[in-house]
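Accompanying notes for the structure given below.
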Amino acid sequence: MSSNTLVGDRYAIECLLEEGKHRAWLINKFGERIGYFGEDFSRTLSLYKADGMSLVGILSFIAFTETPEPGEYWGQAAVIAYNPAYKDEFNTFINGVCGLIGKGIRPKLSFEGSAVDEVISSKGTWLPSDREPLPEKQRGMALLKTRRGFIDGLVEAGRSGNKGCYFLSWAFLLALVAAIIFGLKSCGVF
């Protein structure tokens, strides 16, 4: 749930065999494992990797479900597998998809027909126009992150060296804490 797990970020995928089960992990830009795919999909990703394909994950949302007890965090990620010979085209394409997902726009990435040819011939600037809806909310389920927020943008700008944004993000967080304390004091809690 931290700023190290941003919707629309690019994640490496590490395919492992753990305790006899395939497990494909999403790895953030800080080298942290943030989650893994189910066994069947992990096996498929392992086969793509063994075939020499490059794999990239893009976090598309984070949710919380109350069941099974005590509840669990889960999410969804878009996965793009491509031939490394087209690295430049797909890096441009992936950057475009990351931008859309970061804004809460979920492009449908089920490539059929000429979609791969479109990516290659456009040098990665083509993006799918079809959209993928968020899953239907069910009882006991909450969608926690579906796009990048204002604070996420400030933190990222600060990380990229923008001192003003870094300072502003800390000032905003401190002001928020002060407002909460003031609110609690005025209600007689403190």
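The values are calculated or read from the model by the stated rules, or taken from the named source; none is laboratory data. Small disclaimer: the values here were computed from a predicted structure and weren't measured. Every residue, glycine among them, receives a Cβ derived from its backbone with ideal geometry; neighbour counts consider all protein chains shown. We work out accessible area using only protein heavy atoms, side chains counted, and drop any ligands, DNA or RNA first. Shrake-Rupley method; radii C 1.70, N 1.55, O 1.52, S 1.80 Å.
Couple of notes before you dig in:
- Using θ = phi - 60° and Karplus 6.51 cos²θ - 1.76 cosθ + 1.60, couplings along the range 119-136 (whole Hz; Gly, Pro as x): 4, 5, 5, 8, 6, x, 7, 5, 10, x, 8, 6, 10, 9, x, 5, x, 5
- Highest to lowest packing among 131-144, 12-25, 96-109, scored as the average C-beta count within 10 Å: 96-109, 12-25, 131-144
- Solvent-accessible area of Asp88 with every protein chain in place, 1.4 Å probe, in Å² to the nearest 10: 110
- Here the calculated FRET efficiency for Leu17 and Asn91, from their Cβ-Cβ distance with R0 = 30 Å, stands at 0.60, rounded to the nearest 0.05.
- Taking one quarter of the surface of the convex hull spanned by the alpha-carbon atoms of the range 47-113 gives a direction-averaged projected area of 6.2 nm².
- Here the Karplus curve 6.51 cos²θ - 1.76 cosθ + 1.60, taken at θ = phi - 60°, turns the phi angles of the range 10-27 into couplings of 8, 10, 6, 10, 10, 9, 10, 10, 10, 6, x, 10, 6, 9, 9, 9, 8, 10 Hz, with x standing for Gly and Pro.
- In sequence order, the range 36-42 has phi-based couplings of 9, 8, x, 4, 4, 5, 4 Hz under the Karplus curve 6.51 cos²θ - 1.76 cosθ + 1.60, θ = phi - 60°, and Gly or Pro positions carry x.
- Asn4 versus Phe41: modelled label distance in nm, points set 7 Å from Cα along the beta carbon direction: 2.2
- Cross-linked pairs Lys137/Lys185; Lys29/Lys185; Lys29/Lys137; Lys87/Lys145: Cα-Cα separations exceed 32 Å for Lys137/Lys185; Lys29/Lys185.
- Solvent-accessible surface of the chain, averaged per residue with a 1.4 angstrom probe and all protein chains in place: 62 square angstrom.
- Normalised by the number of residues in the range 85-131, the average gap of Cα pairs under 8 Å and 6 or more apart makes the relative contact order 52 percent.
- Residues whose placed amide H lies under 5 Å from that of Lys108, excluding near-sequence neighbours: Asp130, Arg131, Glu132
- Shape index of the chain: Rg/Rh, with Rg the Cα radius of gyration and Rh the Kirkwood radius from the inverse mean 1/r over Cα pairs, equals 1.04.
- Pair Leu127, Thr67: separation of 7 Å Cα→Cβ label points (nm): 3.8
- When the residues Tyr82, Tyr73, Tyr48 are ordered by accessible surface, computed with a 1.4 Å probe over the protein chains alone, the sequence from largest down reads Tyr73, Tyr48, Tyr82.
- Accessible surface of the range 1-135 [probe 1.4 Å, protein heavy atoms]: carbon and sulfur percent: 50
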